[in-house]
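Every number in this text was worked out from the coordinates using simple rules, so none of it is lab data. As the structure is a prediction and not an experimental result, all values here were calculated from the model. Glycine gets a Cβ as well: all are built from the backbone with ideal geometry, and neighbour counts include every protein chain shown.
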């Protein structure tokens, strides 16, 4: 193949003819795309045509674009065959992290994807371009020299100028950082050799616009000052002058697959400026993926924009919109009135709600049949009916366009409340089926871009840069041991292509709820697997390695399970080592023997349980007998204590009754003494003939008791005797009640610290 490429030699004239052939073939397509872009931007609204329009193109593009590209895809690097390859797993993990770092820290990827998708929806072709850009820093000067935005892919090889042995390079340079930016290529600035299919294309190119400084830095002073500055990114020089844009030079960056070289030419200068053999060492050579094409045939690669397919309907929509605008203007009150009744004009210009307009010479006005005879209005009913018909026709035309584009009403957020859920699901699925082709093309386009970026990282990035951007220091200790071999695998072209696969995940918008549902589905699937696998692994240990491989096979199907591949591999290796170590050991008994052993163990356990139960029953009976005896002894003690308390109470009652009897007898004696003494006094008084004892002789002496009796009246003594008797009866009743309460009240057993009864309360 190298010999064939060496025999091919293209001069500047050959490339000039190739470029001109492309420009002639695609001149009509570029003019068509230019009109479509103006339609999308609604530039025609600012021309002299006053007709109203309906921009259905803008509406469709805004609807389809988020349906096929809603979010930035994430790289998905994995082992191609999901085999037991720990080095490939670590290499895939490092490359995936490096790609994620590039996508997160540089916004060129998202911008390039958005613009490419927009060009595909408008003109039918979207293109992006990948470069390698090292940033060089000199140790003495400290100035960073990055590759200019001129299409130059790689820097000069530092190995070409070797430093002689024993001498140091005075101006030693080093790479500060490296990146692989993705450039958006405008649909006017891309070209390729004329072919029927993309597989037949032999060369691709893009236009790069450079100022004088960029030309000198890139091609040297001799060529840099020869190239004329005669163009701008816009074809129209008038437009550039109006926008005050500086003139630039147009450089064609051509990648020739036949010769495996990249060259830069200038049509204005008419010569090849630079030529390099295979600068990037890519698998498919080209630094750009296959463009996003729309509506291709096998005749040529001239895409047919989507708008062309429904431009007639769009033109009809514009016509209907213009008619609707005219009918709305016609829906005005117009008519004539009698000039002699000038007040009628005020009726429409000044009249308000519930306002009457005075009319002069009312009799004459009434004779002319009032307003019916003085005014005549234009009938606007036909205009209103025509307006309704236009609106209906407009909806029908829009329905035709949506059918052509595959945009169901469910995609536009419009649903019929009378439709069932099944009907809405069918509509959504049909629309999704129509858009699936475009979604697949965008995914393939993004995947190829990531593949090219990944190849540039592996082929041109230094090992230090790969280690930094991949976060190799954050890997597990076991994976860190495999990092050197993983780096060697990434640098090895042949092995890398067979062992590592780079893809991109879905770019369709997924909300948080969908992500949670995916994770729950993963956990549910893993739970079902473990429910069946664990019993099998327990019964048949030899099947454990096979079960681990099945687990890895199931896990890799989920995006969320990719992070578990390393742990699964480590666990599988451990099980394999255990199985290998058990090869020389006696095999475990058969299931029948295990069943008999289990039955014997169960019988033994049953007998042991029966013996333990009998022993517990005997101990329980002994404890019951001991408790019964203890209770009887305590009951006897309680009975004796109660009898002692009753005897003491009876003795106390007898003593109190004796005291009361003595008090009663003494009071009786006092009463009798008082009565006897009173009688004696009365007899003496009668004998002396003195009333009330006033003439009682002094010789009559009363003893001390008699004197005390004569000092107290009879009533207090009788009351005292009655109160004493009452108190005695109450005391006797209280004592009896206390005895009964002490006999009948519940007794509380008092136990000591050891639980034994020590008394009764």
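A simple packing score, the average count of other Cβ atoms within 10 Å per residue, orders the peptides 292-299, 321-328 as 321-328, 292-299, with the highest score first. Averaged over residues, the count of other Cβ atoms within 10 Å places the peptides 611-617, 660-666, 255-261 in the sequence 255-261, 660-666, 611-617, highest first. Across segment 75-127, Cα-Cα pairs more than 18 Å apart make up 53 percent of the total.
Per-residue extension of 0.36 nm, minus the Cα-Cα distance of residue 594 and residue 616, leaves a gain of 4.7 nm for this segment. Note on residue 377/residue 52: beta-carbon distance plugged into 1/(1 + (r/R0)^6) with R0 of 35 Å gives a FRET efficiency of 0.85. Available extension along the chain between residue 63 and residue 637 is 196.5 nm, counting 0.36 nm per residue and deducting the alpha carbon span. Note on residue 525 and residue 665: their simple-model spin labels are 11.6 nm apart, each label 7 Å out from Cα toward Cβ. Each residue, residue 726 and residue 400, gets one label point 7 Å from its Cα in the Cβ direction; the gap between the two is 12.6 nm.
Peptides 86-93, 214-221, 474-481 ordered by packing proxy, namely the average of other Cβ atoms within 10 Å per residue, highest first: 86-93, 214-221, 474-481. What distance in nm lies between label points placed 7 Å from Cα along the C-beta direction at residue 651 and residue 388? Reported label-point gap for residue 651 and residue 388 is 12.4 nm.
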